[in-house]
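Taken together, the values in this text are just the output of simple stated rules run on the coordinates, not laboratory data. Given the structure is predicted, the values throughout are model-derived calculations rather than measurements. Here Cβ is always computed from backbone atoms with ideal geometry, including for glycine, and neighbour counts include all displayed protein chains.
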Amino acid sequence: MYEIKYIELKSGYSDNGPAWIGKVKVSKSGKTLYFNDKAFRRFCGGLGNYYDVETGEDYWISGVKRDGGDRHPAGSGKIVIDEKIVPQYLELVGKEKLNPSVFIVEKIDDVFPVERIRALENEKVNE
């Protein structure tokens, strides 16, 4: 299952971290999200609501906002949006075009490290 999500790195940045809107793969259990060669798990605490399974960095991940206000109002910086989901995003937010002062359109490869993360978790269990 895939969803369009807003992803923002919080560790080391607070509300000004690098941010993306892209296609996220959701695990069968719904507990793990995969995006841009990373795996994320939900948690409470810290600056974010998810953490990177491999690095432990905090991220904020949410569905896209219909009003286009995905980044926290205190934050700044452009949001990278995956070129292949732009039409879906525009339909979700009810817009005809992206605001170039808010977005950078780039190609984001669909790399979902399901097998790598599964192997990493199996190593931890077997230690």
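With springs only between Cα atoms under 10 Å, which of Lys28, Lys95, Lys84 fluctuates most in a Gaussian network model of the chain? Highest fluctuation of the listed residues: Lys28. For Lys23, the lysines whose Cα falls under 21 Å of its own Cα, not counting residues fewer than eight places away in the same chain, are Lys5, Lys10, Lys31, Lys38, Lys65, Lys78, Lys84, Lys95, Lys97, Lys107.
Given +1 on the Cβ of Lys and Arg, -1 on the Cβ of Asp and Glu, and no further charges, what dipole in debye does the range 63-118 carry about its Cα centre, rounded to the nearest 20? Don't skip to the end; give the middle numbers.
On the way: 10 positive and 10 negative charges, 35 e Å.
Value, rounded to 20: 160 debye.
Quick one, which of (i) -0.38; (ii) -0.50; (iii) -0.32 is the actual log10 I(q)/I(0) by the Debye sum over Cα atoms at q = 0.10 Å⁻¹ calculated for this model? The calculated read-out lines up with (iii).
The fraction of all Cα pairs in the range 32-84 landing in successive 10 Å bins from 0 to the largest distance is 20, 48, 30, 1, given as whole percents. With contacts defined as alpha carbon pairs under 8 Å and 6 or more residues apart, what's the relative contact order of the chain in percent? Once normalised by length, the contact order is 26 percent.
Mind ordering 56-63, 20-27 by average Cβ neighbours within 10 Å, highest first?
On the way: 56-63: 17.2, 20-27: 19.5.
Put in order of decreasing packing, that is 20-27, 56-63.
Run the numbers on the range 61-127 and let me know its relative contact order in percent, using alpha-carbon pairs under 8 Å that are six or more apart. Intermediate results must be reported in sequence, preceding the final value.
Values: 35 pairs, mean separation 22.5, N = 67.
Normalised by residue count, the contact order of the range 61-127 is 34 percent.
Of all the options Ser14, Ser29, Ser101, the one that moves most in a Gaussian network model of the chain with Cα springs shorter than 10 angstrom is Ser29.
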